[in-house]
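Input: a single structure, listed below in structure tokens.
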Amino acid sequence: MPRILIADDQPDVLEALRLLLKSESYQSEAVGSPQEVLCALEAGDFDVLLIDLNYARDTTSGQEGLDLLSRIRTLDATLPVVVMTAWSSVELAVEAMRRGARDFIQKPWDNARLLSVLRTQVELGSALRRGQRLEAENNLLRRDGSGGGDGDQPTLIARSPAMQRVLALVERIAPSEANVLITGENGTGKEVVARTLYALSPRSARPLITINAGALSENVIESELFGHVRGAFTDAKSDRVGRFELADGGTLFLDEIANAPLSLQAKLLRVLETGEFERVGSSKTRRVDVRVLSATNVDLNREVEERRFRQDLLFRLNTVEIHLPPLRERREDIPVLAEHFQRLYARRYKRALKSFEPAATEVLLKHAWPGNVRELSHVVERAVLMSQGESVRSADLGLEASQGARTAEARLEEMSLEEVERLLIQKTLARYEGNAVRAAEALGLSRSALYRRIQKYGL
């Protein structure tokens with residue numbers, strides 16, 4: 001049912017409009033001043049505003065209403081505004097339209113025309129909001145490189161007892177509305193679990209929106225999550241929808257949540273508790289209905305102890321916690337995962353590969369896999385590209401040199417700078433059992449810089 005906000009300083013006008021709109025099944029809220037209009041907009045959502053141009057201070061020029069129009073535009077540029085006045089003129093109408101009004105009604109109004117204008121503006125406002133959201137989704141897909149292809153369908157492979165328990169838990173909690181925290185080392189498949197939870201949930205018909213908090217600077221992440229309005233900062237040249245709004249009615253996946261700065265955590269807590277937030281640079285409160293899935297490779301309880309993460313936010317995020325064991329602790333999954341990736345990449349690169357040679361499988365089983373499933377995926381992708389027959393050979397994997405640290409170190413002088421960096425990061429992650437925060441500290445890198453290198457090298 002459309003909601004109309006009516007603003008006029010005359011109580012009899014407000015009552016007449018309220019009764020007219022009620023007869024047409026509109027919900028309405030009535031206020032008597034520009035300040036009350038702004039307060040109402042900050043407190044709730046409306047489909048159309050119907051406002052007078054003249055209030056108590058000035059009853060003929062329409063200046064109060066014109067100033068109000070400019071304020072409304074800064075709060076919500078997509079909200080249709082219809083202005084009305086008993087002192088109409090061509091000049092005033094033109095100025096009102098220039099300030100953002102969508103239409104103009106003269107008092108005393110004609111009921112049929114007023115209702116026709118409101119119906120049109122309700123439809124227009126809905127179309128504008130859909131268009132803004134669609135544009136934001138398209139921009140997000142182009143920027144993140146998601147939205148299509150083999151990788152979009154979750155494939156949670158679970159042959160080992162440890163992963164069988166994970167799969168059972170996923171199937172049990174997916175249909176619920178519970179927020180879920182997914183923990184585990186880098187590359188263990190946390191995003192795959194998140195996508196599986198989403199695919200099995202009642203919200204699967206609505207969007208799944210993802211954001212990696214580890215890949216964004218502190219200055220950017222708030223705008224990415226909550227959006228911003230034009231002029232909120234130097235580069236904010238237009239209004240922008242944030243990830244929470246894009247996920248409304250659906251699911252938001254917050255990857256690497258431990259990297260959320262403390263300044264942002266209070267706002268995250270608020271939106272998780274109440275569904276309320278404001279875009280950067282705006283005082284208008286917005287509301288969303290979002291299920292939040294989050295992931296981290298960091299011990300958040302330790303982060304709480306060291307005052308880097310809010311305990312109350314952790315309680316909101318981990319209604320249910322799912323821990324993914326590293327690949328070295330579920331070696332039964334290695335051959336079946338390798339076969340899955342081999343089929344995937346053989347289709348992608350149009351290779352007639354059918355299997356792994358026994359020696360190749362043995363090499364896979366002996367490898368330490370500090371990069372877990374992500375590393376396995378990259379190794380198999382390379383093997384598919386390097387293979388020349390119908391089976392992947394051990395030489396195609398390129399893992400022999402990495403089986404022992406001494407072998408890799410012996411050829412250090414023959415390696416490129418990137419190869420040396422990859423090896424150092426790999427060894428540091430293994431030393432700290434996949435804890436990226438501790439590895440970053442040991443390497444003298446920021447967490448976001450380390451995450452970028454982990455993604456670059458497929459670790």
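In the range 331-355, what residues are under 17 Å from residue 381 (Cβ atoms), open to solvent by 30 Å² or more (accessible area, probe 1.4 Å) and not aliphatic (A, V, I, L, M)? Those that are under 17 Å from residue 381 (Cβ atoms), open to solvent by 30 Å² or more (accessible area, probe 1.4 Å) and not aliphatic (A, V, I, L, M): 335, 339, 340, 343, 347, 348, 349, 350, 351, 354, 355.
In the range 258-276, is there at least one residue being of a type in the set (Asp, Glu), open to solvent by 20 Å² or more (accessible area, probe 1.4 Å) and part of a loop (DSSP other than H, G, I, E, B)? Outline the logic, then answer.
Quick first cut of the range 258-276, residues of a type in the set (Asp, Glu) only: 273, 276.
Narrowing the set further to residues that are open to solvent by 20 Å² or more (accessible area, probe 1.4 Å) leaves 273, 276.
The next check asks that each one be part of a loop (DSSP other than H, G, I, E, B); those that pass are none.
No, the range 258-276 contains no residue that is of a type in the set (Asp, Glu), open to solvent by 20 Å² or more (accessible area, probe 1.4 Å) and part of a loop (DSSP other than H, G, I, E, B).
Against the list (1) surrounded by fewer than 18 Cβ atoms within 10 Å (Cβ to Cβ); (2) in contact with a strand residue (DSSP E or B) (Cβ under 9 Å, 6 or more places away or on another chain), the condition residue 91 fails is (2).
Here residue 102 fulfils each of the conditions (1) under 17 Å from residue 64 (Cβ atoms); (2) touching a residue at least 12 places away in the same chain (Cβ under 8 Å); (3) basic (Lys, Arg) apart from (1). Going by the structure shown, is residue 45 more than 23 Å from residue 126 (Cβ to Cβ) and in a loop (DSSP other than H, G, I, E, B)? It is false that residue 45 is more than 23 Å from residue 126 (Cβ to Cβ) and in a loop (DSSP other than H, G, I, E, B). In this structure, residue 233 does not qualify as aromatic (Phe, Trp, Tyr), at negative phi and modelled with pLDDT of 90 or more.
Scanning the range 27-76 for residues that are open to solvent by 30 Å² or more (accessible area, probe 1.4 Å), at pLDDT 85 or above and among the hydrophobic types (A, V, I, L, M, F, W, C) returns 30, 39. When the range 1-23 is limited to residues that are part of a loop (DSSP other than H, G, I, E, B) and in contact with a helix residue (DSSP H, G or I) (Cβ under 6 Å, 6 or more places away or on another chain), the one that is least open to solvent (accessible area, probe 1.4 Å) turns out to be 8.
Can you find a residue that is open to solvent by less than 10 Å² (accessible area, probe 1.4 Å) and without any contact (Cβ under 8 Å) to a residue 40 or more places away in the chain anywhere in the range 365-377? If you could, list the steps in order and put the result at the bottom.
Pass one, the range 365-377, residues open to solvent by less than 10 Å² (accessible area, probe 1.4 Å): 367, 369, 371-372, 375-376.
Right, trim to without any contact (Cβ under 8 Å) to a residue 40 or more places away in the chain and you get 367.
Yes: the range 365-377 contains one or more residues that are open to solvent by less than 10 Å² (accessible area, probe 1.4 Å) and without any contact (Cβ under 8 Å) to a residue 40 or more places away in the chain.
The C-beta contact set for the range 439-455 (first residue open to solvent by 10 Å² or more (accessible area, probe 1.4 Å), second residue in a helix (DSSP H, G or I) and of a type in the set (Ser, Thr, Tyr), distance under 8 angstrom, 6+ apart or interchain) comprises 442/428; 443/428. Checking each residue in the range 197-214 for being part of a helix (DSSP H, G or I) and either surrounded by fewer than 24 Cβ atoms within 10 Å (Cβ to Cβ) or in contact (Cβ under 8 Å) with a residue 60 or more places away in the chain (or both) picks out 197, 198, 199, 214.
Please verify whether residue 298 is of a type in the set (Val, Ile, Thr) and open to solvent by 20 Å² or more (accessible area, probe 1.4 Å), treating the condition exactly as stated. Break it down stepwise before answering.
Numbers: of a type in the set (Val, Ile, Thr): yes; open to solvent by 20 Å² or more (accessible area, probe 1.4 Å): no.
No, not satisfied.
As for the range 179-196, it holds no residue that is farther than 30 Å from residue 438 by Cα and either assigned to a helix (DSSP H, G or I) or modelled with pLDDT under 90 (or both).
Here's the yes/no breakdown for (1) among the acidic types (Asp, Glu); (2) touching a Leu at 6+ places or on another chain (Cβ under 8 Å); (3) over 16 Å from residue 43 (Cα atoms); (4) without any contact (Cβ under 8 Å) to a residue 24 or more places away in the chain:
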| residue | (1), (2), (3), (4) |
| --- | --- |
| 236 | no, no, yes, no |
| 242 | no, yes, yes, no |
| 250 | no, yes, yes, no |
| 261 | no, no, yes, no |
| 268 | no, yes, yes, no |
| 271 | no, no, no, no |
| 274 | no, no, no, yes |
| 279 | no, no, no, no |
| 284 | no, yes, no, no |
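The values are calculated or read from the model by the stated rules, or taken from the named source; none is laboratory data. All values derive from a computational prediction rather than experimental measurement. Positions of Cβ are generated from backbone atoms using ideal geometry, with glycine treated the same way; all protein chains shown enter the neighbour counts. Each accessible area value is taken on the protein alone, full model and side chains, heavy atoms only, with ligands, DNA and RNA left out. Shrake-Rupley method; radii C 1.70, N 1.55, O 1.52, S 1.80 Å.
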